[in-house]
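Data first, discussion second: the structure below is written as structure tokens.
The values are calculated or read from the model by the stated rules, or taken from the named source; none is laboratory data. Predicted model, so just to flag it, every value in this text is computed and none were measured. Positions of Cβ are generated from backbone atoms using ideal geometry, with glycine treated the same way; all protein chains shown enter the neighbour counts.
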Amino acid sequence: MSWLAGPVTVAVPATSANLGPGFDSFGLALGLHDVVVAEIAPDGLTVKVTGEGAAAASAGEQHLVVRAMRTAFAHIGRPPPGLALSCQNEIPQGFGLGSSAGAICAGLLAARALAGPDGRAALPDDTVLALATRLEGHPDNVAACLAGGLTIAWHPAGSAGARVARLAPLPSIAPVVCVPATPLPTAAARQVLPPQVPHADAAANSARAALLVTALTSQPDLLMDATEDFLHEGYRAAAMPGTTRLIAALRAAGVPAVVSGAGPSVLAFTVTAGFGGPGAGPAAGDVAAIAAADAADWRVLPLRIDTAGATAQVR
């Protein structure tokens, strides 16, 4: 195997999972990115991090990007002599915006590119998805991060791997993310979920999830009904009261809003062309005004939908 002579630059988008009723299956890539520049070194490991999560540079081999790269190199069958990484992070960490999925995907794609043709042969796209899902624990965020756009991920019956279907959301849909001051670990958010839910709730959620596909790809006037969830948001309400309060205020004002992933960020949907015609629907400014009136301190980020997904460039 011959290692890549120069660096590889990998850019990965933030993601929002669930989107309300699409629990552990739906994902949306967002225009906020982490960028990893990786290069083969003669020996050792150096990690530099700027932006979000800068303190993680001291984690060394336990840094999530490095762990993902080591997983990829083990699958390829050869470790490199050394690694030098530089991470420039925009994705908030611990806020339900796919920062761990981004780190995993960045590490896997960087390792594949550094290994040259052997890396591509050993790690085709479906294998990258499988490894990313194994490291993350579920496929919704990693699928959206890798593919971009709107994704639906699932595990086929009898298969340990994940599959993904990619859909194109309407260009007029403009997501707005509201990030609170304090993060919430995903593990803590999952602990409050019950092992079983009523059959009526599951049936209602199935209808909303199907409706959400239509709302995001062709009929945005359905977004308010389509983003209603019956499986997880209600159970998580007590663990993130500020998130619950802001979502209620947004929805009362006619803005479709959901918990982003496991929270505590809020994902609101606006439509640049309006729901019933130009100017008829809520805009990013409306979301910002409602967030500003809340008791908590919210950082409001109007974003675009990322349609490219993760990219790796060799120079």
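Only residues that are closer than 30 Å to residue 233 by Cβ and out of contact with any strand residue (DSSP E or B) (no Cβ under 7 Å at 6 or more places or on another chain): list them for segment 104-125, please.
Hit for segment 104-125 is 104, nothing else.
With the requirement that a residue be crowded, with 24+ Cβ neighbours inside 10 Å and either among the small types (Gly, Ala, Ser) or at pLDDT below 95 (or both), what does segment 233-260 give you?
240, 257, 260, listed by residue number.
Would you point out which residue out of 213, 197 is under 19 Å from the mean Cα position of the chain (by Cα), among the hydrophobic types (A, V, I, L, M, F, W, C), on the phi < 0 side of the Ramachandran plot and at pLDDT 90 or above?
So the residue among 213, 197 that is under 19 Å from the mean Cα position of the chain (by Cα), among the hydrophobic types (A, V, I, L, M, F, W, C), on the phi < 0 side of the Ramachandran plot and at pLDDT 90 or above is 213.
Considering only segment 210-251, state which residues are small (Gly, Ala, Ser), without any contact (Cβ under 8 Å) to a residue 60 or more places away in the chain and closer than 17 Å to residue 271 by Cα.
215, 218
Looking at segment 6-102, what strands (runs of 3 or more DSSP E) fall wholly within it and have at least 1 residues that are surrounded by fewer than 24 Cβ atoms within 10 Å (Cβ to Cβ) and at pLDDT below 95?
Fully inside segment 6-102 and qualifying: 22-40.
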